[in-house]
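Working notes, structure below.
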Amino acid sequence: MTDSIPPGKFDDVNEAVGEEWEAETTPYERVREVISREYSPRSAERVAADARTSPKTARKHLNALAEEGFVATSTGDRGGTHYRRSPESLVMEQATDILSHVSVDELVTRIAAMRETISEFQTEYGVESPEELIVEQANQTLSGASENERGIDPDTLQEWQTTRRNLAFANAALSIANAERFVDGDSSRLEENTSTP
C-alpha cells in the first residue's frame, strides 16, 4: 500500500498559483490578461479581484487600455464605468493570427471558398443570413404554414454562422495584408486582392 498525500496539501494550490502569477507579472499585465477574456462588461472592482490588484490600479490600467483601443467602456446600471474586450482588438488579434499561419494567396483561395459556401446556403434557403432564416421559420411556425417548409438543422445553421464569422476575420486579415503591402510600397497586388467580391 502506498502512502497517500493528505488532502490538506492541495487545499491552497489555486492560491499558490495565483501568488506565483502575481509575483511574476505586473498589475498592468494581469489586468490586460483578465480583460482580454472578457466580452461582457465588468466593473473595475471585479477585474481587480481577478487580477490581484486594487480597484484604483485596475481602473488606471483599464482606462489606459481603453485609450489604446484594447478595451471598450460602457456605463453600468448604477452609473459606474464597465469594461470589456473591444471587438476591434479581437478582430485585429484574429486577423494577425491568420496572417501568421496562412499566405495571402491561400487566404484569397479560402475567402473565395467561404463566399461560395455562403452563397450556396443563401440559394438553398432563399434568405441572405441564418438570422433571417430563423425569423422566417419562426413566422411560419406561428402561422401554421411550416408543415410544407423544410427547416434547417442546428448543425447546418451553426456551419453557416461559423463560415460567415470566419469570412469576416479572413476579410479583415486580407485588408491588413493589402494595407501593409501598400505601406511597404508593394501595391502591385493590392487591386488584385481587393477586387474579389
If you rank V91, V34 by fewest surrounding Cβ atoms within 10 Å, what's the result?
-> V91, V34
Neighbouring Cβ atoms within 10 Å as the yardstick, rank W160, W21 fewest first.
-> W21, W160
³J(HN,Hα), Karplus 6.51/-1.76/1.60, whole Hz, each residue of region 153-169, x for Gly, Pro = 6, x, 5, 5, 4, 5, 4, 5, 4, 5, 4, 5, 5, 5, 5, 4, 5
J(HN,Hα) series, region 123-134, from Karplus relation 6.51 cos²θ - 1.76 cosθ + 1.60, nearest Hz, glycine and proline x = 5, 5, 9, x, 9, 7, 9, x, 5, 4, 5, 4
Determine ³J(HN,Hα), in whole Hz, for all residues of region 18-30 in sequence, where each value follows from phi through the Karplus function 6.51 cos²θ - 1.76 cosθ + 1.60 and θ = phi - 60°; x replaces Gly and Pro.
-> x, 5, 5, 4, 5, 6, 9, 9, 8, x, 4, 4, 5
Mind checking region 45-118 for trypsin sites (Lys or Arg not before Pro) that DSSP puts in a loop (not H, G, I, E or B) and that have at most 14 other Cβ atoms within 10 Å?
-> R78
About its Cα centre, what dipole magnitude does region 7-85 give when the only charges are +1 on Lys and Arg Cβ and -1 on Asp and Glu Cβ, stated in debye to the nearest 20?
-> 460
Between the alpha carbon centres of region 93-144 and region 15-80 the gap in Å comes to 34
Other-chain or far-sequence residues with amide H under 5 Å of S43's (modelled H) = Y83
Binned at 10 Å from 0, what are the whole-percent values of the Cα-Cα distance distribution for region 80-174, short to long?
-> 14, 35, 27, 17, 8, 0
Order by neighbour count: Y28, Y83, fewest other Cβ atoms within 10 Å first, most last.
-> Y28, Y83
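Bear in mind these aren't lab numbers, they're just calculated from the coordinates by the rules spelled out. Just so you know, these numbers come straight off a predicted model, no measurement behind them. Heads up, the Cβs are rebuilt from the backbone with ideal geometry, glycines too, and the neighbour counts pull from every protein chain shown.
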